[in-house]
Amino acid sequence: MKKISKDHKTHSQTISFTENSLLPLLYGEHDKFLRLIEQEMSISIITRGNFLKLSGNDSSVEITKNLLNHLYENVKKNNFLDEGEVKGTINIFRDSTNKIYNKIKNIDSLSFTAGKRLIKPRSKKQVEYFNLVKKKDLVFCCGPAGTGKTYLAVALAVSMLKSGQIDKIILSRPAVEAGERLGFLPGDLKEKIDPYLRPIYDALNDMLSFSEVLKKIENGLIEIAPLAFMRGRTLSNSFIILDESQNTTAIQMKMFLTRLGENSKMIVNGDLSQVDLPSGTKSGLRESIRILKNIDDIGFIEFKEKDVVRNSLVSKIVAKYEEFERVQGVGQEYKKNIKDD
């Protein structure tokens, strides 16, 4: 990409691209990627062949230029661009400033392969999450649905298993009913438990073939089990994920955290706005954050509504619920705990 001219009074820049054959991929069908960038960056983009005129405030124009440059280089490298990558890149660049552009322009260095998937961060918070998991053996990750908590954790686990950094993946979640009763479900224990582990299966099947998932489960390389099965064990050389941890009791959480063995990583995911425990029962996730918050060797990260990477409607739904919960005071104890020293 090459800058042609700049008009300080109108806050515009005209840029061009050298390989015209790549422009349909960069612009998207009917220029849908450019329209998305316009909307999210609050600027105007006018196309003239391989020339683009960007108009808006100085900061937005400069960041959009860097954003387009990054996307163009990705298209040159991969000959492909999808809406998810465009949205993710917008999220990262929009939440950053020009001063730290040199730090984020190489976000591809954080990309990694998990089975058949190339995993890239799709928000600035996901970049922080990737870096945190690299540095810490235990990470608490909180946030609303759609922010990639489970998917990213499973992807990191698959990547480390494939590269030989760990010997085993252990995936668990508490079998707490969201309005249903586990005992009334048909079938044996496995058939009763499987529906609660479905999001984990879905993430695995997105990265590995169905037969490979089954084989690794049969060989014990991947273990998927309810939380109760963790008692009495020491989990070494493993990548351990506890999903939906807001539905653990304080006793269960203490039991799980003390399973961590040598050369292992543990990620504890949860959404404190979706606690399904019986009324009056304290969430083990909320309590563990309050107790452990000052231990430097433990990482804590909180995703927000703006970090949702699913359908844009999910972000709007989460925002409305957060607004309602602020008015009602829901979750204020948790927010106070993570802010206090």
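What follows draws every value from the coordinates through simple rules; no lab data is involved. Quick caveat: nothing in here was measured; it's all calculated off a predicted structure. Cβ: placed from backbone, ideal geometry, glycine included. Neighbour counts: every protein chain shown.
Around Leu132, under 15 Å between beta carbons, what's the net of Lys plus Arg minus Asp minus Glu among the other residues?
+2
Report ³J(HN,Hα) in whole Hz for each residue of region 243-257, in order, from the Karplus equation J = 6.51 cos²θ - 1.76 cosθ + 1.60 where θ = phi - 60°; Gly and Pro get x.
Calculated HN-Hα couplings, in order: 9, 6, 6, 5, 9, 8, 7, 4, 5, 5, 5, 4, 4, 5, 4 Hz.
Applying a 10 Å radius around every beta-carbon, put 139-148, 85-94 in order of their mean neighbour count, most first.
Highest mean packing first, the order is 139-148, 85-94.
Name the long-range amide H neighbours of Ser238: under 5 Å, sequence gap of 5 or more, or other chain; modelled H, no Pro or chain starts.
HN-HN under 5 Å from Ser238: Asp167, Ser264, Lys265.
Go through 119-127, 217-225 and give me the packing order, highest mean Cβ count within 10 Å leading.
With the highest mean Cβ count within 10 Å placed first, the list reads 119-127, 217-225.
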